Amino acid sequence: MRLVKQRTPTGRPHRVAELLRERLALILLFKCADPRLKEVTLTEVEMSPDLRQAKVFYVTRENVDRDLVQIALDKAQGFIKAEVARENLFRLMPEFHFLPDPGLDRAARVEELLKEAGVATDSMKKDDG
């Protein structure tokens, strides 16, 4: 039986992902002309082990239409890649996949469920008392 050593998330893909997240955030904030992209906060980047794929997770403000932001990100992808290429971070440019971050939606849903459960237990306590 052969043991395979698993890589930890602190390896090179993790370090590259963090650097890429910082650079992409600066590009979106200061270099993109589309005002919809100023409403985006990048939460995380996940790099594939070979550094060829990058999943870029983002959130938007509550009053911003996510679909319009996704369209703007898809439209600006060529410009964003050109800006990243200009900084010479990669030998081969990874493919970027911009995805809404599901983590905050899940947290909001859990909070909502806890509030509902709290209301139910509070009303039961009042009935008992």
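Remarks
- Check on L42, surrounded by 15 or more Cβ atoms within 10 Å (Cβ to Cβ), assigned to a strand (DSSP E or B) and not small (G, A, S): yes
- Residue count, the range 17-39 (criterion: under 14 Å from K75 (Cβ atoms) and either touching a Lys or Arg at 6+ places or on another chain (Cβ under 6 Å) or in a loop (DSSP other than H, G, I, E, B) (or both)): 3
- Near pairs, Cβ below 9 angstrom, 6+ apart or cross-chain, from the range 57-86 (without any contact (Cβ under 8 Å) to a residue 24 or more places away in the chain and under 16 Å from L26 (Cα atoms)) to any residue that is of a type in the set (F, W, Y) and open to solvent by less than 50 Å² (accessible area, probe 1.4 Å): Q77/F96; Q77/F98; K81/F96
- Which numbered condition K55 fails, given (1) among the charged types (D, E, K, R); (2) surrounded by fewer than 12 Cβ atoms within 10 Å (Cβ to Cβ); (3) at pLDDT 95 or above: (2)
- Candidates R106, R86: the one that is surrounded by fewer than 14 Cβ atoms within 10 Å (Cβ to Cβ) and modelled with pLDDT of 90 or more is R86.
- Answer residue from the range 89-115, given it is in a helix (DSSP H, G or I) and among the aliphatic types (A, V, I, L, M) and is nearest to A72 (Cα to Cα) among those: L104
The values are calculated or read from the model by the stated rules, or taken from the named source; none is laboratory data. Keep in mind that this is a model prediction, so the values were computed, not measured. Neighbour counts run over all protein chains shown; Cβ positions are idealised from the backbone, glycine included. In case anyone asks, the SASA skips ligands and DNA or RNA and just uses the protein heavy atoms, side chains included. Shrake-Rupley method; radii C 1.70, N 1.55, O 1.52, S 1.80 Å.
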